[in-house]
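Below: one structure, written as structure tokens.
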Number of protein chains: 2
Amino acid sequence: MAAEASRSLIDGVPGESVPVMDRGFSYGDGVFRTVRVDAGHPWLWSDHMNTLLRDCSRMGIPVDDGLPTTLRAELETLAGAASGVFKVVVTRGSGPRGDRPPTAPSPRRVTLFQPGDPTSSEAFPRSVRLCKVRMPSLPELAGVKHLNRLPQVLARAEWTGPLPHEGLLRDADDALICGTMSNVFIRIDQRLLTPRLDRCGVAGVVRGRLLDASLPTFARMGLEVSEARLGVTDLLAADEAWLTNAVITLWPIASLVDEDGRPLASWADAPGPAARSLFADLQALRETG
Amino acid sequence: MAAEASRSLIDGVPGESVPVMDRGFSYGDGVFRTVRVDAGHPWLWSDHMNTLLRDCSRMGIPVDDGLPTTLRAELETLAGAASGVFKVVVTRGSGPRGDRPPTAPSPRRVTLFQPGDPTSSEAFPRSVRLCKVRMPSLPELAGVKHLNRLPQVLARAEWTGPLPHEGLLRDADDALICGTMSNVFIRIDQRLLTPRLDRCGVAGVVRGRLLDASLPTFARMGLEVSEARLGVTDLLAADEAWLTNAVITLWPIASLVDEDGRPLASWADAPGPAARSLFADLQALRETG
């Protein structure tokens, strides 16, 4: 019986492990991307690559411009024509003990493919809770998807089981920031609003697509989108609300409970008109590239 | 020629790498300890082990009570009679993609030995700077030495070269918290003060030894020690100040510069009487066990 093909590459070489001296392991000193793959086709590839290069630059991890081409070839090697999730990690590479980054780092590239059909992308209504854990502020890396994920781990550990589907994090000043694995949008009349991520949070690629307002729904419904400092009261006042990420696409929020599971709000008609229409726009993007 | 003995063990087995699915690599979901070893003898071993077990418990990483015995045997295997630094990492182990911690994790243990004679422990005066980066608040893990080290990495990247010797971090409210790799103490008259670590920071073992006030210097000099919310003005008003960690022991602060390198204060008589005497107490601890 043939051995199963490796599902991960370390700097392009099949393998399942990284050196213990890798700074990703020692300090969380790296960034990552989670790309949805439909029958071998990565969704929002350019957005992911631009974001990856931006995040590496924000972290001071030197990568060359050919990285996206290399990653695309590795995706083909690992995924073939399968569907699933392609994860890319770029760390600052190995280094001696000590937080101080090497002056001339050799970044390490890890690619993984997890096959599966993410049916979770259907636009059916989701239940959401507020988390007790607050997102810590680190403005220098706000928006960057880096490997220091303990706030999200703690938040996701606040409840067990699949329900609610997601938890929302606020910062220490009660500003709404993000979900444990998603960004959040609310609609009030014609205004779409999403949390400003200047102190913390992860600026995802679907969030970026909605913020550039080029999807057909914006013109058709006359929507205006902006970043804002939002609180829970804004969410409670929303006509509709949803979560986004590059694997789930868009999840309409149907109900919200507080830290102790007490109901705070529900949206009986979720998905609302904007969520439904934007979900269709995003699905079309996936099919065309 | 015989191959050099491995300097690291993964769950007790010689090896230099960890699985890419380890949550330490993916999320920084683990804790660590850095133990000074003098001629095969680990310094403050019990303190380190108690702190490691406490930190695992704080993180919800289940480890058994026999862990210190196992680690002591691994230290002997790796270090023999050598001097150097023994690093222990305990992660939540491997898990599927997603921040959510496994309900029944199998923690992973990584031990490393770096030989060398840490001459840096001499009590000679050090230069220190204030860092621009602020320590993010995550009260749930305040004091825990976990693998989410990007704040310290960013802080240490603010300057290159060996000088100044260390940088101090404040939180978003200007409260003094810690050094990039050390804790900080100030003396004002007979009062020793160290930052309260209830919102962030790492509560080191030497800090713990000073806080319990059992060293001979406390009685001899009539010192009282406490945790406090401290600012830069408190540091400027100090009769003396120093840094501590388990490898460097105690570093007297001789000079302080601001974020732009401008002088803020200097202590011409560093090490002062308390630093000198406490350093001797700590050295004695090292020699006796």
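The values are calculated or read from the model by the stated rules, or taken from the named source; none is laboratory data. Everything numeric in this text was worked out from a predicted model, so none of it was measured. In this analysis, Cβ positions are derived from the backbone assuming ideal geometry, glycine residues included, and neighbour counts consider all displayed protein chains.
Give the residues of segment A:66-96 that are surrounded by fewer than 15 Cβ atoms within 10 Å (Cβ to Cβ) and within 26 Å of B:T160 (Cα to Cα), sorted by residue number.
A:P96
From the residues in segment A:161-190 that are more than 10 Å from chain B (Cβ to nearest Cβ), of a type in the set (V, I, T) and crowded, with 20+ Cβ neighbours inside 10 Å, which one is farthest from B:G28 (Cα to Cα)?
Step by step, filter segment A:161-190, then rank; the result is A:I186.
Just checking, does segment A:89-108 include any residue being out of contact with any Lys or Arg (no Cβ under 9 Å at 6 or more places or on another chain), away from chain B (no Cβ under 11 Å) and more than 30 Å from A:R170 (Cβ to Cβ)? Write out each step before concluding.
So in segment A:89-108, the residues out of contact with any Lys or Arg (no Cβ under 9 Å at 6 or more places or on another chain) come out as A:96, A:103-104.
With the extra rule that they be away from chain B (no Cβ under 11 Å), the set shrinks to A:104.
Now drop any that are not more than 30 Å from A:R170 (Cβ to Cβ), which leaves A:104.
Checked segment A:89-108: at least one residue is out of contact with any Lys or Arg (no Cβ under 9 Å at 6 or more places or on another chain), away from chain B (no Cβ under 11 Å) and more than 30 Å from A:R170 (Cβ to Cβ).
Determine if segment B:109-121 includes at least one residue that is surrounded by 19 or more Cβ atoms within 10 Å (Cβ to Cβ) and within 30 Å of A:P162 (Cα to Cα).
yes
So is B:E158 part of a helix (DSSP H, G or I), of a type in the set (D, E) and within 14 Å of another protein chain (Cβ to nearest Cβ) or not? Let's see the steps before the verdict.
Numbers: part of a helix (DSSP H, G or I): no; of a type in the set (D, E): yes; within 14 Å of another protein chain (Cβ to nearest Cβ): yes.
So B:E158 fails the test.
Using beta carbons and a limit of 7 Å, which pairs, at least six apart or on different chains, have the first residue in segment A:85-101 and under 16 Å from A:P42 (Cβ atoms) and without any contact (Cβ under 8 Å) to a residue 60 or more places away in the chain and the second one assigned to a loop (DSSP other than H, G, I, E, B) and not aromatic (F, W, Y)?
Qualifying pairs under 7 Å: A:K87/B:R97.
Output the residues belonging to segment A:127-147 that are within 10 Å of chain B (Cβ to nearest Cβ) and in contact with a Phe, Trp or Tyr (Cβ under 8 Å, 6 or more places away or on another chain). Break it down stepwise before answering.
Going through segment A:127-147, the residues within 10 Å of chain B (Cβ to nearest Cβ) turn out to be A:132-141, A:144, A:146-147.
Passing the criteria: A:H146, A:L147.
Looking at (1) within 12 Å of chain A (Cβ to nearest Cβ); (2) within 30 Å of A:G179 (Cβ to Cβ); (3) β-branched (V, I, T), which one does B:T34 not meet, given that it meets all the others?
Evaluating B:T34 over (1) within 12 Å of chain A (Cβ to nearest Cβ); (2) within 30 Å of A:G179 (Cβ to Cβ); (3) β-branched (V, I, T) leaves (2) as the failure.
Would you check if A:L193 is over 19 Å from B:L150 (Cα atoms), touching a helix residue (DSSP H, G or I) at 6+ places or on another chain (Cβ under 6 Å) and more than 8 Å from chain B (Cβ to nearest Cβ)? Give the steps one after another, and end with the answer.
Numbers: over 19 Å from B:L150 (Cα atoms): yes; touching a helix residue (DSSP H, G or I) at 6+ places or on another chain (Cβ under 6 Å): no; more than 8 Å from chain B (Cβ to nearest Cβ): yes.
The answer is no for A:L193.
Looking at (1) more than 11 Å from chain B (Cβ to nearest Cβ); (2) closer than 16 Å to A:W242 by Cβ, can you tell me which one A:D198 breaks?
(2)
Looking only at residues in segment B:39-74 that are in contact with a Pro (Cβ under 9 Å, 6 or more places away or on another chain) and not in a helix (DSSP H, G or I), which one is farthest from the other protein chains (Cβ to nearest Cβ)?
Once the filter is applied, the top-ranked residue is B:V63.
Applying the selection to segment B:93-138, what residues are aliphatic (A, V, I, L, M), within 19 Å of the chain's Cα centre (by Cα), part of a loop (DSSP other than H, G, I, E, B) and closer than 23 Å to B:L52 by Cα? Break it down into steps so the answer makes sense when it comes.
Residues of segment B:93-138 that are aliphatic (A, V, I, L, M), as a first pass: B:104, B:110, B:112, B:123, B:128, B:130, B:133, B:135, B:138.
If we keep only those that are within 19 Å of the chain's Cα centre (by Cα) as well, we get B:110, B:112, B:123, B:128, B:130, B:133, B:135, B:138.
From what's left, part of a loop (DSSP other than H, G, I, E, B): B:123, B:138.
Across segment B:93-138, the qualifying residue is only B:L138.
Please work out if B:A219 is part of a loop (DSSP other than H, G, I, E, B) and either small (G, A, S) or touching a residue at least 60 places away in the same chain (Cβ under 8 Å) (or both).
Details: part of a loop (DSSP other than H, G, I, E, B): no; either small (G, A, S) or touching a residue at least 60 places away in the same chain (Cβ under 8 Å) (or both): yes.
Judged against the criteria, B:A219 is not a match.
At pLDDT 95 or above, small (G, A, S) and within 18 Å of A:Q283 (Cβ to Cβ): is that true of A:G231 in this structure? It would help to see each step written out before you state the result.
Values: at pLDDT 95 or above: yes; small (G, A, S): yes; within 18 Å of A:Q283 (Cβ to Cβ): no.
In short, no.
Could you pull out every one of the strands (runs of 3 or more DSSP E) wholly within segment B:230-289 that has 1 or more residues that are in the same structural domain as B:V205 (by TED's automatic domain parsing) and surrounded by 19 or more Cβ atoms within 10 Å (Cβ to Cβ)? So that I can check it myself, show each step before the final result.
Values: elements: B:240-245, B:249-257, B:263-266.
In segment B:230-289, the matching strands (runs of 3 or more DSSP E) lie at B:240-245, B:249-257.
Quick one: would you say A:W267 is over 22 Å from A:L197 (Cα atoms) and touching a residue at least 60 places away in the same chain (Cβ under 8 Å)?
On the way: over 22 Å from A:L197 (Cα atoms): yes; touching a residue at least 60 places away in the same chain (Cβ under 8 Å): yes.
Yes.
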